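All remarks here apply to the structure that follows.
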Amino acid sequence: MEWSQNEKQVWSSIEKWEQEYFTYVPTDFNRTYEKTFDDAFNRISPKIRDKVLQTIDNLLFHLHSIILNSQFQQDTKQRVLLAAQSMNKEVEVWEDVQDCKIEQLRYIAQHQVAKHRLLSFAQGGLSGAGGILFLGIDIPASIAAHLRSIQVLALSYGYSINQPYETMLSLKLFHAATLPKQHQQEAWEQLMSEVLDQEINPYFFESDELVADSQWMRHLVGLIGKGMVLFMLRKRLIQGIPLMGMVYGATANYQLSRQITDFANQFYQKRWLLEKHN
């Protein structure tokens with residue numbers, strides 16, 4: 001099948017993004033932090049370490065399932081379908097969404113992503129407001145928001161997130177997008193190789209791979225560190241308002257949300273193009 005001009009432009013933009021995003025030059029601080037973290041993590045008993053990782057992995061899977069089965073997800077699917085129908089008269093049912101043009105799917109995705117970034121920004125601001133309740137739920141709320149944004153992007157490109165394969169793929173995508181920068185390219189290439197595997201059955205898919213591995217734990221430690229900073233800033237009041245904490249929380253959440261949604265958006269665009277023309 002011939003590539004349209006818009007598809008060629010999108011493919012070129014993805015290649016440019018890959019070249020820029022995966023260029024990683026570690027600083028001395030990055031090297032020192034990585035070595036210190038690995039040494040500290042390896043000192044933990046392997047039995048305890050594996051148990052902790054398995055527990056966190058199970059919690060992530062259950063959190064993902066709760067979001068997946070929520071009414072919000074069904075409403076998002078309906079909104080995507082309605083948006084596709086408004087731009088393409090040939091779209092009648094959900095299975096027709098992938099028949100839209102790439103520029104139409106990108107528009108739907110960007111519209112959905114913008115709302116999620118705003119929600120993530122607001123959630124970070126609330127966490128920075130200093131309330132113990134908001135600080136206590138900051139980490140699960142942040143992870144839930146990012147998992148949900150990836151699910152929404154999958155739906156925006158016509159992928160039914162309820163299929164077992166799509167469920168696991170979205171979790172792996174979250175894992176890849178939140179890995180330390182030096183490990184993301186390898187995870188990206190593994191994901192792209194996996195989606196082109198024609199032998200995978202989307203309805204009967206099992207995986208023993210952990211999302212919460214030793215490399216991903218740095219992301220969790222980063223979230224804990226953010227919470228500690230917010231806790232320390234909660235008493236830095238400006239006219240009775242913890243403005244510094246709110247600004248820090250909102251900015252940190254927005255930047256992380258932008259990183260994850262950009263990563264996932266590029267992935268689903270490239271996947272759609274590869275599957276269409278292969």
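Taken residue by residue, the range 51-59 has at least one member that is open to solvent by 90 Å² or more (accessible area, probe 1.4 Å), under 21 Å from GLY225 (Cα atoms), out of contact with any Cys (no Cβ under 8 Å at 6 or more places or on another chain) and of a type outside the set (S, T, N, Q).
Being touching a residue at least 40 places away in the same chain (Cβ under 8 Å) and in contact with a Phe, Trp or Tyr (Cβ under 9 Å, 6 or more places away or on another chain) is the filter; apply it to the range 65-83 and report the residue that is least open to solvent (accessible area, probe 1.4 Å). Restricting to residues being touching a residue at least 40 places away in the same chain (Cβ under 8 Å) and in contact with a Phe, Trp or Tyr (Cβ under 9 Å, 6 or more places away or on another chain), the top hit is VAL80.
The residue that is farthest from LYS115 (Cα to Cα), among those in the range 57-97 that are of a type in the set (S, T, N, Q) and over 22 Å from the mean Cα position of the chain (by Cα), is ASN88. Output yes when any residue across the range 82-100 is closer than 21 Å to THR261 by Cα and among the charged types (D, E, K, R), and no when none is. Looking for residues that are closer than 21 Å to THR261 by Cα and among the charged types (D, E, K, R), one finds none in the range 82-100, hence no.
Criterion first (open to solvent by less than 30 Å² (accessible area, probe 1.4 Å), in a helix (DSSP H, G or I) and closer than 23 Å to GLU166 by Cβ) does GLN98 satisfy it? No. On inspection, SER156 qualifies as closer than 21 Å to ASN6 by Cα and either of a type in the set (S, T, N, Q) or open to solvent by 20 Å² or more (accessible area, probe 1.4 Å) (or both). Close contacts from the range 7-23, counting a first residue that is under 22 Å from LYS181 (Cα atoms) and a second that is among the aromatic types (Phe, Trp, Tyr) and part of a helix (DSSP H, G or I), with Cβ to Cβ under 8 Å and a gap of 6+ residues or different chains, come to GLU18/TRP188; TYR21/PHE263; PHE22/TRP188.
The values are calculated or read from the model by the stated rules, or taken from the named source; none is laboratory data. Computed from a predicted structure; not experimentally measured. In this analysis, Cβ positions are derived from the backbone assuming ideal geometry, glycine residues included, and neighbour counts consider all displayed protein chains. Protein only, heavy atoms only, side chains kept; ligands, DNA and RNA dropped before computing areas. Shrake-Rupley method; radii C 1.70, N 1.55, O 1.52, S 1.80 Å.
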